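The values are calculated or read from the model by the stated rules, or taken from the named source; none is laboratory data. Keep in mind that this is a model prediction, so the values were computed, not measured. When we count neighbours, we look across all protein chains shown, and the Cβ atoms used for this are built from the backbone with ideal geometry, even at glycine.
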Amino acid sequence: MLSLLPSDSDSKPSQAHDIRPRLLIVDDEEGPRQSLKIVFKNDYQVLVASNGIDAIAMAKRQAVDVAVLDILMQGMSGVELLAELKGIDPHIEVIMLTAYETLETTRHALRYGASDYLDKPFDILTMRAAVARAAHKRHTSLGIQTSQKQLEILQHEIQVERIQQEMARTKGEIYASVLHDINSPLTVIACFVELINRSMKNATRVEGKQLENIKDDFKQLQAQVSHCFEISRRYLSFLNASEHKTASVSVQQTLVDLKCLLTRHPGAHGHELIIDELSPDVIVEINGTDLLQILLNLTINAFQSTDTPHRVEVHSRCLLEPLPLDQWVDGPRERFINRDGFLNHSPLVAVTVCDNGPGIAPGVVAKMFDQHVTTKKAGSGTGLGLSIVKRLLKEANGALHLRTTIGGGSTFTVFLQVAGSTDVELHSSLTH
Ligand SMILES: Nc1ncnc2c1ncn2[C@@H]1O[C@H](COP(=O)(O)OP(=O)(O)OP(=O)(O)O)[C@@H](O)[C@H]1O
Ligand SMILES: [Mg+2]
């Protein structure tokens, strides 16, 4: 029961604004309880209780800074009460009072975090000094707690700010990437529209072979429009931070789509393109639009490496052994992308895009996978193509190896995991 007797609580009316430390005295003997109250009533807000239950209720109602507890009390002992009070506020300072101190009770009190012990009967000066020390300690620990909380709030605010800045930056990059990626199908769409316009220009009727050609062109148009939607869907899901699902795609189908896109792409005009089939076909762990985008960015770069007519080849093969990564060291002619995130578990598929163009200068090799690095003349390249390739490969736990020779062309090889197949299964499908 909470003691509401006026003689047992400090009755100063200005308690709400009282900034003096709050001192709780708990003793089942009336004499020491009252004498302590008289000693401390001018300097502290004094609460007194004659038993543990009342003391706990008081400590729950208002924060207590220092408690003076008699160890030996009827009912709940001082050590039990100490543990309860520390449970309510771990930083409360507690002084234990006892007439019959034993080693065992001292050990208990220590374990529960008492800050001082005084023998009964106590002398007033020692008691005053002990309570003053405890109050000072409490004041200091409250100050530290407040600073810690302020620090945490500040750290949280900095973190939120950083995330917002990162989001704003990422969104900017995403918008630029959308424009980069959507540019290829749009270019092809423009070509088909031009073709259809030309063949219909003077026609009053369209039939036979001409009609068939136009129908084919419309099919291609439809495919490119779907491609645009896929690209926008991919970036939207990235912006909405939707769950990353592991997707898979047929390598052969992707190569067919790549050929279809490149055949009409103006960047490929005047150059030779060779794309090998992959037989037997293999499914790899990556989203279909992502793989197409990677190969498209690499092949278009290869075509754009020089205006002089040259050859670009795309070959693919299955690998039944993990890659010898130690042998591939980044240098002026070589780069390996996503060494840390790459799952080098066989079976793997390697898709190689190579050209017999001019090769790449060492200074460019070192930074070409970073954003906005381009050697194209102002206004003709965003320098985003390879940074998109790097990001998409990281998302798929794949990798890329580049080898280049000045005057001897460049070879980019993309490595991806084969989906849900073991070496043995793949080996038997390759040999039968
Ligand atoms: N096959 C290649 N041969 C020679 N240089 C290349 C080749 N592929 C990439 N590069 C170099 O890497 C640079 C960066 O390529 P990236 O695709 O990131 O941007 P970009 O092609 O310049 O611009 P965008 O992709 O917007 O057209 C290119 O400007 C070029 O200097
Ligand atoms: Mg490019």
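Identify all residues within the range 354-383 that are within 12 Å of ligand 2 (Cβ to nearest atom) and surrounded by 22 or more Cβ atoms within 10 Å (Cβ to Cβ); write none if there are none.
none
Which one of these is more than 30 Å from Leu386 (Cα to Cα), touching a His at 6+ places or on another chain (Cβ under 9 Å) and surrounded by 15 or more Cβ atoms within 10 Å (Cβ to Cβ): Arg138, Arg133? Talk me through it step by step, then tell me what you get.
On the way: Arg133 fails: touching a His at 6+ places or on another chain (Cβ under 9 Å).
Being more than 30 Å from Leu386 (Cα to Cα), touching a His at 6+ places or on another chain (Cβ under 9 Å) and surrounded by 15 or more Cβ atoms within 10 Å (Cβ to Cβ) holds for just one of Arg138, Arg133, which is Arg138.
Need the failing condition index for Thr289 against (1) touching a Leu at 6+ places or on another chain (Cβ under 8 Å); (2) part of a helix (DSSP H, G or I); (3) away from ligand 1 (no atom under 14 Å from the Cβ), just the number.
In the conditions (1) touching a Leu at 6+ places or on another chain (Cβ under 8 Å); (2) part of a helix (DSSP H, G or I); (3) away from ligand 1 (no atom under 14 Å from the Cβ), Thr289 misses (1) alone.
Across the range 218-268, which residue is modelled with the highest pLDDT among those that are closer than 12 Å to Ile189 by Cα and basic (Lys, Arg)?
Within the range 218-268, the match that is modelled with the highest pLDDT is Lys219.
Among what's in the range 275-286 and is touching a strand residue (DSSP E or B) at 6+ places or on another chain (Cβ under 7 Å) and of a type outside the set (Asp, Glu), pick the residue that is farthest from ligand 1 (Cβ to nearest atom).
Filtering the range 275-286 down to residues touching a strand residue (DSSP E or B) at 6+ places or on another chain (Cβ under 7 Å) leaves 275-276, 278, 281-286.
Now narrow it down to the ones that are of a type outside the set (Asp, Glu): 275, 278, 282-284, 286.
Values: Ile275: 16, Leu278: 22, Val282: 25, Ile283: 27, Val284: 22, Ile286: 19 Å.
It comes out as Ile283.
Can you tell which of Thr105, Thr98, Thr140, Thr126 is at pLDDT 90 or above and in contact with a strand residue (DSSP E or B) (Cβ under 9 Å, 6 or more places away or on another chain)? Give the steps one after another, and end with the answer.
Values: Thr105 fails: at pLDDT 90 or above; Thr98 fails: at pLDDT 90 or above; Thr140 fails: in contact with a strand residue (DSSP E or B) (Cβ under 9 Å, 6 or more places away or on another chain).
Among Thr105, Thr98, Thr140, Thr126, only Thr126 is at pLDDT 90 or above and in contact with a strand residue (DSSP E or B) (Cβ under 9 Å, 6 or more places away or on another chain).
Looking at the range 309-326, is at least one residue out of contact with any helix residue (DSSP H, G or I) (no Cβ under 9 Å at 6 or more places or on another chain) and buried (at least 23 other Cβ atoms within 10 Å of the Cβ)?
no
Do we have Ile337 as assigned by TED's automatic domain parsing to the domain that holds Thr375, under 30 Å from the mean Cα position of the chain (by Cα), closer than 17 Å to Leu386 by Cα and not aromatic (Phe, Trp, Tyr) here?
Numbers: assigned by TED's automatic domain parsing to the domain that holds Thr375: yes; under 30 Å from the mean Cα position of the chain (by Cα): yes; closer than 17 Å to Leu386 by Cα: yes; not aromatic (Phe, Trp, Tyr): yes.
Answer is yes for this residue.
Within the range 337-379, restricting attention to residues that are β-branched (Val, Ile, Thr) and over 22 Å from Leu179 (Cα atoms), which residue is farthest from ligand 1 (Cβ to nearest atom)? Break it down into steps so the answer makes sense when it comes.
Residues of the range 337-379 β-branched (Val, Ile, Thr): 337, 349, 351-353, 360, 364-365, 373-375.
Next cut, over 22 Å from Leu179 (Cα atoms) only: 337, 349, 351-353, 360, 364-365.
On the way: Ile337: 12, Val349: 21, Val351: 15, Thr352: 12, Val353: 8, Ile360: 4, Val364: 5, Val365: 9 Å.
The extreme case among them is Val349.
If you check every pair at least six apart or on different chains, which have Cβ atoms under 7 Å apart with a residue in the range 263-278 that is surrounded by 18 or more Cβ atoms within 10 Å (Cβ to Cβ) first and a residue that is in a loop (DSSP other than H, G, I, E, B) second?
His271/Pro309; His271/His310
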